[in-house]
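*Asks:* Here it is: the structure, laid out below.
Please treat every number below as a calculation from the coordinates, not as lab data. None of the values given here were measured: they were computed from a predicted structure. Using ideal geometry, Cβ is built from the backbone for each residue, glycine included, and neighbour counts are taken over all protein chains shown.
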Amino acid sequence: MNEPEKKFILIVDDSATNLAVLSQALKTAGYKVRVAVDGESAIEMLEKCAIDSTKIPFPELILLDVQMPGIDGFETCRQLKANPATTAIPVIFMTALADAESKMKGLSLGAVDYITKPFEQDEVIARVNIHWRLKQLTDNLEQQVTQRTCALQQAQVQVVQQEKLSALGQLVAGVAHEINNPLSFMVSNIAPAKEYLADITEVLRLYQKHYPAPPSDIVSKMDEMDLEFVIEDFSHLLDSMQIGTERIKDISLSLRNFARSDGDTASAIDLHETLDSTLLLLKHRLKDQGSRPAIEVIQNYGQLPLIKCYPGPMNQVFMNLLANAIDAVEEAWEKDQRPLNITISTEVLRESAIVRIDDNGLGMTEEIQQHLFEPLFTTKAVGKGTGLGLSIAKQIVTDKHGGELFCKSMAGKGTEFAIELPI
Ligand SMILES: Nc1ncnc2c1ncn2[C@@H]1O[C@H](COP(=O)(O)OP(=O)(O)OP(=O)(O)O)[C@@H](O)[C@H]1O
Ligand SMILES: [Mg+2]
C-alpha cells in the first residue's frame, strides 16, 4: 500500500541534463528520485542512510554512470558491493561504453544490468521496473527465509525439550511406581506395630503389678534403658514414621501426577490439585535454606470448575512459572533481605479460569520483558537457566490449550504471570 513511498531510486551522473531527463521520466513512472553528481557523494549519501535508514531510507535501486570525474562508476560500484550495508542494492550501469569488455566488467562487479547511452526513456523505465520488482521479490524471499528459519529453530528446541521431558517423565513415573511397593509395606505395617506395642506394654504393666520386686539384673537393665521413657517414646517414633510414610505417599502420587503418561489426552482436571502437587514437588526449594528463610506461599484459591486440560503439560507450566518466581524472590532477598513471598490466586473471569502467580522479586525491565518468551532467552548464570521455561509454558498455554499467558512486571517491585484458560 505504501509502495510509492518505497519506490526510491538513486541516480548518479555528472551530466545535469541526464539527471534532469532521467529524474523527470522516473518520477512520472511513480518513483521517488535522489541524485548525486559523482561517486563520492553517492557513497557519502548511502553512508548517511546506513546511520539511520528510518530517517533516510536506502534506495531500492541505483542508476550509475560509468564515466564521472573522481572515482568512476566501476570503482563506486566495487565500493558499494564491498559494504554489507549497501551490497544488496541492485546497480544498473549507464554508459556510452557499449563494448562487450566494459559491459562484462560492469556485470562482474555485481551490476544487474547495463543501459547504453543515448538511452530510450521507455527502455530505462522498463528495465528499472523489472529490477525494482526483482528487488522486492528478493527482499520478500529473504524475509520469508528468516521467518521460516526462526520458526524451525523454535520447533527444534521444543521437540528436543519435549523429548527430554517425556523421557524424564517416564523415569519419574517408573521411580514413583517402584517406591510404591516398599512404601505400602511400611504404611500397612505401622498400624499393627502400634497394636503390638500396646499389647507388649500391657503385659509389662501386668508383670510390674504382680512382680513389684524383680531380680536385680532386671532392675538394673530397666534403669539403664530408662524403660518408662522408651515405652512413651516408642509410640511417638511410630507416629512420626507414619507421618513420614504419608508424606512419601503424597510425593510419589504427585510425581505420578506430574509425569502423567496421559499427557496427550485432555481430561477435566482440578487445577488446584495440579498446583498443590507442583508445590509439593518444589517443597525442597521453598523451605528454609539456612542461608535464607523459607519462602511463604499464599494460596488464594477461588472457586474453579474442572478445566479440560492436558495434565502433564499443565504441570510443566506451573512448575516453570513457580521455579522462576522462586529464583526471583531468592535473588531479591540476596539483594535487600525483603520477605520472600509468592502468591497464587485463582478465579473465574469472563468464561475463563485465571491462575495468577505473583512474586515480590526484583521484577524485570521493559527490555527483558520484550524478550521473555523467546526460546533460549535467559538472564541467569550459565548452567542455571536454559531460557526455555517460559517459551515452553507459553506454547503449552496458547497452542495446546487455546489460552493466554500474560506477564506484568515492575522493575524492583515484582512480577505477575497470569494464565487464562478457556472453560
Ligand atoms: N518471575 C520472574 N521475575 C523476574 N524475572 C523473570 C521471572 N520469570 C522470568 N524472568 C526472566 O525471564 C527470563 C526467561 O525465563 P525462562 O523461564 O524462559 O528461562 P530461565 O528461567 O532463565 O531458564 P529455564 O529454562 O531454566 O527456565 C529469565 O532468565 C528471567 O530473566
Ligand atoms: Mg525458568
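*Asks:* Quick query: amide H of L362 versus all other amide H atoms, modeled in the peptide plane; which residues come in under 5 Å with a sequence gap of 5 or more or a different chain?
*Replies:* A332
*Asks:* While we're on this one: Classify the stretch 3-119: rounded, prolate or oblate, from the alpha-carbon gyration tensor (a ≥ b ≥ c, eigenvalue square roots; a/c under 1.5 rounded; otherwise prolate if a/b is larger than b/c)?
*Replies:* Oblate, since a/c reaches 1.5 and b/c is not below a/b.
*Asks:* Per 0.36 nm of contour for each residue apart, how much would the distance between H210 and V382 grow if the chain were fully extended, relative to their Cα-Cα spacing?
*Replies:* 54.6 nm
*Asks:* Next up: Just to verify a number: FRET efficiency for I423 and Q154, C-beta to C-beta distance, R0 = 30 Å, to 0.05?
*Replies:* Computed FRET efficiency for I423 and Q154: 0.55.
*Asks:* Now a separate question. Taking the simple approach of a point 7 Å from Cα along Cα-to-Cβ for both D399 and E273, what is their distance in nm?
*Replies:* The modelled label-to-label distance comes out at 2.8 nm.
*Asks:* Go through the stretch 175-190 residue by residue and turn each phi into a ³J(HN,Hα) via Karplus (6.51, -1.76, 1.60, θ = phi - 60°); whole Hz please, and just put x for glycine and proline.
*Replies:* The phi angles translate into 4, 4, 5, 5, 5, 4, 4, x, 4, 5, 4, 5, 4, 7, 8, 5 Hz.
*Asks:* On to the next question. Relative contact order for the chain: what percent, with Cα pairs under 8 Å and sequence separation of 6 or more?
*Replies:* 9
*Asks:* When Lys and Arg each count +1 and Asp and Glu each count -1, what net charge do the other residues less than 15 Å away from F119, Cβ to Cβ, add up to?
*Replies:* -3
*Asks:* Most fluctuating residue of R285, R148, R127 in a GNM of the chain with Cα springs under 10 Å: which is it?
*Replies:* Evaluated over the chain, the most mobile residue of the options is R127.
*Asks:* Each residue of the stretch 90-107 in order: what ³J(HN,Hα) in whole Hz does its phi give by Karplus 6.51 cos²θ - 1.76 cosθ + 1.60, θ = phi - 60°, with x for Gly and Pro?
*Replies:* x, 10, 10, 7, 10, 7, 7, 6, 9, 6, 4, 5, 4, 4, 4, 4, x, 5
*Asks:* What are the ³J(HN,Hα) couplings of the stretch 298-312, residue after residue, when phi is run through the Karplus curve with 6.51, -1.76, 1.60 and θ = phi - 60°? Round to Hz, x for glycine and proline.
*Replies:* 3J(HN,Hα) across the stretch 298-312, in whole Hz: 9, 9, 9, 7, x, 8, 10, x, 5, 10, 6, 9, 8, x, x.
*Asks:* Moving on to the next point. Could you check the spin-label model distance between A50 and R247? Points 7 Å from the Cα along Cα→Cβ, value in nm.
*Replies:* Going by the 7 Å Cα→Cβ label model, 6.5 nm.
*Asks:* Which length gain, in nm to one decimal place, applies between E120 and R292 when the Cα-Cα distance is subtracted from 0.36 nm times their residue separation?
*Replies:* Roughly 53.7 nm would be gained on extension.
*Asks:* Would you calculate, for the chain, the mean residue ellipticity at 222 nm contributed by helices, counting each DSSP H stretch of 4 or more residues as -39,500 (n - 2.57) and dividing by all residues, to the nearest 500?
*Replies:* -19000 deg cm²/dmol
*Asks:* I need the calculated FRET efficiency for the pair L227 and M186, taking r as the beta carbon distance and R₀ as 22 Å, to the nearest 0.05.
*Replies:* 0.25
*Asks:* If you take every DSSP beta bridge fully contained in the chain, what fraction is antiparallel? Give it as a percent rounded to 5.
*Replies:* 55
*Asks:* Stretch E331-V219 to full length: gain in nm at 0.36 nm per residue minus the Cα-Cα span?
*Replies:* Result for the pair: 34.4 nm of gain on full extension.
*Asks:* Right, next: Given a Förster distance of 22 angstrom, what is the FRET efficiency for K413 paired with Y301, based on the Cβ-Cβ distance and rounded to 0.05?
*Replies:* Between K413 and Y301 the formula returns 0.35.
*Asks:* Another question about this same structure. Check the straight Cα-Cα distances from K408 and name the lysines below 19 Å, setting aside those fewer than 8 residues away within the same chain.
*Replies:* Cross-link targets: K394.
*Asks:* For the stretch 73-180, compute the number of Lys pairs whose alpha carbons are separated by less than 25 Å, excluding pairs fewer than 8 positions apart on the same chain.
*Replies:* For the stretch 73-180, the number of qualifying lysine pairs is 9.
*Asks:* Under 12 Å between alpha carbons, and skipping anything fewer than 8 positions from K384 in its own chain: which aspartates and glutamates qualify?
*Replies:* Result set, ordered by chain and number: D327.
*Asks:* Show which aspartates and glutamates lie in cross-link reach of K283 when reach means a straight Cα distance below 13 angstrom and same-chain residues fewer than eight apart are skipped.
*Replies:* Cross-link targets: D250, E296.
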